[in-house]
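Structure first, commentary second.
The values are calculated or read from the model by the stated rules, or taken from the named source; none is laboratory data. None of the values given here were measured: they were computed from a predicted structure. In this analysis, Cβ positions are derived from the backbone assuming ideal geometry, glycine residues included, and neighbour counts consider all displayed protein chains. SASA here: full protein model, heavy atoms, side chains in, ligands and nucleic acids out. Shrake-Rupley method; radii C 1.70, N 1.55, O 1.52, S 1.80 Å.
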Amino acid sequence: MQNEKDSITMVKNIEHHVNTIVKRYKGRIDTWDVVNEALNEDGSFRTSNFYEVMGDNFIALAFKLAAEADPNAKLVYNDYNLWKPEKRAGVVRLVKSLQEKGVKIDGVGMQAHWSLEGPSIEDIENSILAYAALGVKVSFTELDVTALPNPWDLDGAAVEQSYEQYEGDPKMNPYPEKLSEAAAMQLANRYETIFKLFLKHKDKIDRVTFWGVNDGQSWLNYWPINGRTNHPLLFDRDFNPKKAYERVMALKSDNQPKQN
């Protein structure tokens, strides 16, 4: 597909791929990430071979084929940094365009690769409201919260970024064994604040998916700086629940219906 220059052949390849995958798991997959990371930070379309050959028509085609292959599955557009106003506006335009064409789209997936400091709860909330106003559900598809400092110009989850010059820098790997008590509390506070927002808008949110189960499995041990020890999830490397887990579960208990 990376070298294909003929649009007719590309359409046939997309048809073959979508039909092979979706029909194989028809009735067994609840939700498909149909198109992933198709937008730039300013909301314009990213340059890809799909876009070079077909323009943005490949997106509508993929959604249309997925809907035909399994009409009961939910179909989602997924991307990172969707809390940013310009990129958010691009997603709104994309969803509206698909809807105007009569193409089924059920949700927007916000990759939630966040940090202790950002994005702000206000920016996340504004995106939830903007996407829900389109009549689609919001999913948080790749939730983790980095506990480590990153280069100041780090931008989302674009994997082409590289910061090899920071490898071995102890300032970039402050918790090689475990989080300090202060950092563990900061992570717990951040997760609690995030999930309070999720509960506030639970009618608009379809699902929350973590990007890994325990800290040892996390991609953030290797990206964007290789060889670090990160602690971004609710369970440590031995699957022990962390303070962050306890805070999230306490919110669940707080939201249980009161018994008479």
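It is to be established whether one or more residues within region 153-160 are in a strand (DSSP E or B) and open to solvent by 40 Å² or more (accessible area, probe 1.4 Å).
no
Suppose we filter region 176-192 for residues that are over 18 Å from the mean Cα position of the chain (by Cα) and in a helix (DSSP H, G or I); how many remain?
Going through region 176-192 one residue at a time, the tally reaches 10.
For residue 28, state whether it is open to solvent by 60 Å² or more (accessible area, probe 1.4 Å), within 21 Å of residue 209 (Cβ to Cβ) and out of contact with any strand residue (DSSP E or B) (no Cβ under 8 Å at 6 or more places or on another chain).
In short, yes.
Considering only region 38-56, state which residues are open to solvent by 50 Å² or more (accessible area, probe 1.4 Å) and closer than 17 Å to residue 18 by Cβ.
Across region 38-56, the qualifying residues are 50, 56.
Would you please list the contacts, defined by Cβ atoms under 8 Å and residues six or more apart or on different chains, that run from a residue in region 1-19 that is under 18 Å from residue 63 (Cα atoms) and assigned to a helix (DSSP H, G or I) to a residue that is of a type in the set (A, V, I, L, M) and open to solvent by 50 Å² or more (accessible area, probe 1.4 Å)?
Matching pairs, first to second residue: 10/1; 13/1.
Read through the list (1) more than 17 Å from the chain's Cα centre (by Cα); (2) in contact (Cβ under 8 Å) with a residue 40 or more places away in the chain, then give the number of the only condition that residue 254 fails.
(2)
List the residue pairs whose Cβ atoms are under 9 Å apart, where the first residue sits in region 122-144 and is over 16 Å from residue 87 (Cα atoms), the second is small (Gly, Ala, Ser) and part of a helix (DSSP H, G or I), and the two are 6 or more positions apart or on different chains.
Filtered contacts from region 122-144: no entries.
Taking residue 228 as meeting all but one of (1) in a helix (DSSP H, G or I); (2) over 30 Å from residue 130 (Cβ atoms); (3) basic (Lys, Arg), write down the number of the exception.
Tallying (1) in a helix (DSSP H, G or I); (2) over 30 Å from residue 130 (Cβ atoms); (3) basic (Lys, Arg), residue 228 fails exactly one: (1).
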